[in-house]
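Inspection log for the structure reproduced underneath, given as structure tokens.
The values are calculated or read from the model by the stated rules, or taken from the named source; none is laboratory data. Keep in mind that what you see is a predicted model, and the values were worked out from it rather than measured. Here the Cβ positions follow ideal geometry from the backbone for every residue, glycine too, while neighbour counts run over all protein chains shown.
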Amino acid sequence: MQKDIKTEFFKINDPSDGQKELELAGKMIREGGLVAFPTETVYGLGGNALDPSASERIYKAKGRPSDNPLIVHISSAEEIYPLVSELPKTAVSLMEAFWPGPMTLVLKKSDVVPATTTGGLSTVAIRMPSHPVARALIKEAGVPIAAPSANSSGRPSPTKAVHVLEDLDGKVDMIIDGGESDIGLESTIIDLTGDTPEILRPGYISEEEIKKAVGSVKQDPALFARPDADAAPKAPGMKYRHYAPKAKMFLIKGNKKAALAEMQRQAQKAEKEGKKVGILCEKEDAALFEKYSCFVLCENENEEEIAHRLFSLLRETDKAQIDVLFSLSYKKGRLGDAIENRMLKAAGYNVLEAKDEL
Ligand code: AMP
Ligand code: MG
């Protein structure tokens, strides 16, 4: 990889132990530099959200299309006011219920926010993260921080600082290592610019929880549709191939017994064709796939574990040079929508339906 600049690397587990480094990082952001930092969802690639040239540097470092807007991160709720032209009541209810935390609100932007940060849109996406290092950095910078996930565009999002280093060494000024991201999947994005709050990207905060907080919510109908379907997703980034491992990935649907049997059949077939086969599976099913490379997602369908490990495991399949990768689908439970959405994208919408055995 071509290295354009020297990337500084700091470890900060707790803001009180890293005050000097945080001051340096804050100054770097104020002066137009790029700093990758930990959040509870995934690592972010941060720059001054109010500086168009910083946003341009972010798109370039990631290789991200410039029509794919950046999420603006703030360190306390009142920092939202200068960034938006109106704040509906639903926004206040959602902020009270879920901030700081893994929820992003899309609102009408004020003139302070440059069009480069919002990919040319008249709306802006805003989040207040809960990770103490993220919040301390934003406070230290003294400006809101635009931060997409800190991966090269198209690759799985980073949940460890080492993932950021793999993708962005030599392309950013600084990486702050704050340990592994707790959640492992990106925030839930809710658009509040229409009549009813609309989920543009499913995440850790579920549809059910949002409904409890604001009464009604809908989902962007394009969320689980193939990207070539008629309706384009409303979050511009959702139309791009994302999270992709180098392997060709297949998601196998159907009742669990039939899906596992289909996975065995497919794995055997791929192996006969000379392919290196990888399996994403639960610990208790790993024995069925002993002769392949197994990557354990969780025990007993534990969704929190799947969310926490998925992106990291996809990167491991690259390192293991897997050619074909199979996983069951986990579209159930509180995190089912978020996991399914990421897995479908990782698999480029390759889905196999397992037939129930008679
Ligand atoms: P990332 O920061 O990499 O998690 O990606 C941010 C996601 O938020 C992308 O899918 C963007 O398209 C989406 N997003 C950011 N700003 C807006 C906005 N103003 N309206 C709709 N989607 C947005
Ligand atoms: Mg991303």
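List of remarks:
- Given (1) under 30 Å from residue 18 (Cα atoms); (2) surrounded by fewer than 20 Cβ atoms within 10 Å (Cβ to Cβ), index of the condition residue 125 fails: (2)
Here is a yes/no grid of residues against (1) farther than 25 Å from residue 167 by Cβ; (2) of a type in the set (A, V, I, L, M); (3) under 17 Å from the mean Cα position of the chain (by Cα):
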residue	(1), (2), (3)
21	no, no, no
28	no, yes, no
39	no, no, yes
42	no, yes, yes
56	no, no, no
72	no, yes, yes
117	no, no, no
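- All positions within the stretch 56-83 that are out of contact with any helix residue (DSSP H, G or I) (no Cβ under 8 Å at 6 or more places or on another chain) and among the hydrophobic types (A, V, I, L, M, F, W, C): 58, 71, 83
- Among (1) in contact with a Cys (Cβ under 9 Å, 6 or more places away or on another chain); (2) more than 17 Å from residue 247 (Cα to Cα), the one test that residue 300 misses: (1)
- Output for the stretch 214-243, where each listed residue is farther than 26 Å from residue 117 by Cα, touching a residue at least 60 places away in the same chain (Cβ under 8 Å) and buried (at least 18 other Cβ atoms within 10 Å of the Cβ): 214
- Residue check, residue 71 within 23 Å of residue 233 (Cα to Cα), of a type in the set (Val, Ile, Thr), within 16 Å of ligand 2 (Cβ to nearest atom) and in contact with a Gly (Cβ under 6 Å, 6 or more places away or on another chain): no
- Which listed residue is acidic (Asp, Glu), under 20 Å from residue 223 (Cβ atoms) and surrounded by fewer than 17 Cβ atoms within 10 Å (Cβ to Cβ), from 284, 271, 353: 353
- Looking at the stretch 225-343, none of the strands (runs of 3 or more DSSP E) lying wholly inside it contains 2 or more residues that are within 16 Å of ligand 2 (Cβ to nearest atom) and under 18 Å from residue 155 (Cα atoms).
- Check on residue 117, within 12 Å of ligand 1 (Cβ to nearest atom), surrounded by 20 or more Cβ atoms within 10 Å (Cβ to Cβ), over 18 Å from residue 77 (Cβ atoms) and at pLDDT 95 or above: yes
- Looking only at the stretch 151-177, and only at residues there that are within 16 Å of ligand 2 (Cβ to nearest atom) and not in a loop (DSSP other than H, G, I, E, B), the one that is surrounded by the fewest Cβ atoms within 10 Å (Cβ to Cβ): 166
- For the stretch 186-211, a residue qualifies if it is part of a loop (DSSP other than H, G, I, E, B), in contact (Cβ under 8 Å) with a residue 40 or more places away in the chain and either under 21 Å from residue 243 (Cα atoms) or polar (S, T, N, Q) (or both), and the qualifying residues are 186, 187, 193, 202, 203, 204, 205, 206.
- Selected residue (criterion: nearest to ligand 1 (Cβ to nearest atom)) from residues of the stretch 91-113 that are surrounded by 19 or more Cβ atoms within 10 Å (Cβ to Cβ) and over 18 Å from residue 185 (Cα atoms): 106
- Applying the criterion of being within 16 Å of ligand 2 (Cβ to nearest atom) and either at pLDDT below 95 or outside any loop (DSSP other than H, G, I, E, B) (or both) to the residues of the stretch 127-150, the residue that is nearest to the chain's Cα centre (by Cα) is 149.
- Looking across 153, 130, one residue alone is within 13 Å of ligand 1 (Cβ to nearest atom) and out of contact with any strand residue (DSSP E or B) (no Cβ under 6 Å at 6 or more places or on another chain). It is 153.
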